[in-house]
Each structure stands twice: as structure tokens, then as C-alpha cells.
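To start, the structure itself, in C-alpha cells.
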Amino acid sequence: SGVRVHRDEEDRLQYDSSFQQLNGMLVLNDVGVLGAAGNRVQNADALAVHIYDHIEWGNWVFTPGMRYEDIALSRTRYNGGADRFYPITYKEDWAVIRDIAHATGTAYTKKGLKKLAEKDAAKAAKKKAKALAAAAG
């Protein structure tokens, strides 16, 4: 016989981001809106109890048992996206970040991210070629 008590909690606040794959690398297209892919708190409380017996009758052995399990679930959804946090937008609130990125030559646009991915892929290919040459020679 036995008893099991279990508690689980989950707090989700997720962006609805979109990505693309360029030269084998995952590249962020759009951060998305905070809370758009999930903004909820969930809880689960579980209790399981079981009993069994061992019965011998001649050459036969019986092991009857019974199990009871109860799970209580609760979920709170926060409507309207990220209402627990200050809502920001990429277009307006992140303008200063984009300006700095562009000024330093690190543009976090589709074109800029593609350029970064290509640069990283070229660097990885060069490193791989160097390693292969060292192994061969």
C-alpha cells in the first residue's frame, strides 16, 4: 500500500515570436507581443492512494488491488496579453535600441539579421575547414 502527494505550479508569460532558418541558423524575425503566446498561472494538486493484498489459494496466487487518485486543477488566464507588466512595442519603445544598432552596424532587421547569420555561417565554415586541414595534415 502507499500514498503519493504531488503539487505542480506553472507561471507562463510568453512572447509570440517568429523565426526563420538561414544557413542552418535560427534567426529571430519578430519578438512579438509579450503575453500573446501565453499569459497564465496554473496549479495542480494530486493525491493517490493504493492498497493491495497477496492471497494464495492452492497453486494460485492472487494480488488484488485498488487505487484512488484525485487531481485538482486550477488556471488563471490574464486576458489582453501582458496586463501584469508594462506593455511595450517594438516600433515605438525600442526605437532607441534600433538607432544604436544601426549606428554601430548591427541592424536587427530582417536584412541585418540575415547579414549576421551569413557572417556567422562563413566564420563557422572557415573554422571547420581549418579543423579539417589540421586533421588531414
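The values are calculated or read from the model by the stated rules, or taken from the named source; none is laboratory data. Owing to the predicted nature of the structure, the values given are computational and were not obtained by experimental measurement. The accessibility values were calculated without ligands, DNA or RNA, using every heavy atom of the protein model including side chains. Shrake-Rupley method; radii C 1.70, N 1.55, O 1.52, S 1.80 Å.
Brief remarks on what is shown
- A Gaussian network model of the chain, with springs between Cα atoms under 10 Å, assigns the largest mean-square fluctuation among Asp99, Asp16, Asp70 to Asp70.
- Selected from Gly58, Gly24, Gly105 as most flexible by GNM, with the chain as the system and alpha-carbon contacts under 10 Å: Gly58
- Accessible area expressed per residue, the chain, with surrounding protein chains retained (probe 1.4 Å, Å²): 82 Å²
- Rounded tilt (10° steps) of 110-136 against the dominant C-alpha axis of the chain: 80 degrees
- Distant-in-sequence amide H partners of Asp16 (H built 1.01 Å from N, under 5 Å): Val33, Gly35, Ala36, Ala37
- Spherically averaged projected area of the chain from its Cα convex hull (nm²): 18.6 nm²
- Residue with peak Gaussian network fluctuation, the chain [Cα springs, cutoff 10 Å], from Ile97, Ile51, Ile71: Ile51
- Carbon plus sulfur fraction of accessible area for the chain, probe 1.4 Å, in percent: 56 percent
- Relative intensity, log₁₀ I(q)/I(0), of the range 90-137 from a Debye sum that treats every alpha carbon as a point, q = 0.19, 0.24 Å⁻¹: -0.67, -0.83
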